[in-house]
1. So residue 158 fits all but one of (1) in contact with a helix residue (DSSP H, G or I) (Cβ under 7 Å, 6 or more places away or on another chain); (2) hydrophobic (A, V, I, L, M, F, W, C); (3) farther than 30 Å from residue 14 by Cα; what number is the exception?
2. When only residues in the stretch 89-115 that are part of a helix (DSSP H, G or I) and of a type in the set (A, V, I, L, M, F, W, C) count, which is farthest from the chain's Cα centre (by Cα)?
3. State which residue pairs qualify: first residue free of Cβ contacts under 8 Å to residues at least 24 places away in the same chain and of a type outside the set (Lys, Arg) and inside the stretch 1-28, second residue surrounded by fewer than 17 Cβ atoms within 10 Å (Cβ to Cβ) and in a strand (DSSP E or B) in any location, beta carbons under 6 Å apart, and separation of 6 or more residues or different chains.
4. Just to be sure I understand the filter: pairs with C-beta atoms under 6 Å, separated by 6 or more residues or on different chains, first member in the stretch 140-163 and over 19 Å from residue 53 (Cα atoms), second member of a type outside the set (Phe, Trp, Tyr) and not in a helix (DSSP H, G or I). Which pairs pass?
5. Among the residues of the stretch 70-88, which ones are outside any loop (DSSP other than H, G, I, E, B) and either more than 13 Å from the chain's Cα centre (by Cα) or under 17 Å from residue 16 (Cα atoms) (or both)?
6. Considering only the stretch 13-36, I want to know if a residue exists there that is small (Gly, Ala, Ser), over 22 Å from residue 139 (Cα atoms) and surrounded by 15 or more Cβ atoms within 10 Å (Cβ to Cβ).
7. Can you tell me which residues in the stretch 61-91 are among the charged types (D, E, K, R) and either over 20 Å from residue 9 (Cα atoms) or surrounded by 15 or more Cβ atoms within 10 Å (Cβ to Cβ) (or both)?
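All of the numbers you see were taken from the coordinates with simple rules; none came from a lab. Given the structure is predicted, the values throughout are model-derived calculations rather than measurements. Glycine gets a Cβ as well: all are built from the backbone with ideal geometry, and neighbour counts include every protein chain shown.
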Amino acid sequence: MASQSMNAAAERFASQGIGSIFLYTHEAHPAEHYPAHRSMRQKFQQARALRDILGVTRPILVDTLDGGCHRHYGGFPNMTWIFSRAGTIVYKADWTATDSVVRMVEYLLEVQEQRKNRERLAPFRVERLDFRDVDRAAFYDGLRRNGPQAVADFARTFPDTAQYAKKE
């Protein structure tokens with residue numbers, strides 16, 4: 001489960017001064033149990049439920065009701081950003097994959113050491129394609145937590161995954 005592995009990554013790097021938060025934006029697949037947010041009170045309740053169900057141990061920040069922060073930084077459903085202390089975005093991924101995040105943090109720590117050793121470094125931008133494991137059964141378990149409508153909607157939209165909609 002991504003939340004557990006991201007919790008472990010956050011704990012691993014905390015002693016090196018690296019913070020990690022979870023930004024709760026909206027329900028990606030709203031349904032009967034966790035509907036689309038209609039108030040900030042409801043949004044906070046659902047953020048607490050997410051924390052408890054998924055075991056998120058990192059601080060959770062809750063976006064505005066209209067998702068202003070989420071939209072400002074890209075709007076994808078499961079993004080990750082890493083910011084420098086100066087507020088510069090040094091990593092942006094349109095999907096959270098813990099291995100990719102950990103590799104980047106390790107790289108940034110190496111760069112920090114190089115700078116401490118007074119090596120002359122100049123930044124440049126990179127775009128690359130990463131790959132992640134896809135566990136459709138676990139994904140559908142998450143949809144089921146939200147309610148039958150979430151399962152039906154996703155199976156209808158992505159019929160090639162419909163076999164996972166049936167509970168085994």
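1. (1)
2. 111
3. Sorted first by the residue in the stretch 1-28, then by its partner, the list stays empty.
4. 149/31; 149/32; 155/165
5. 71, 72, 82, 83
6. Yes, there is a match, as at least one residue in the stretch 13-36 is small (Gly, Ala, Ser), over 22 Å from residue 139 (Cα atoms) and surrounded by 15 or more Cβ atoms within 10 Å (Cβ to Cβ).
7. 63, 66, 71
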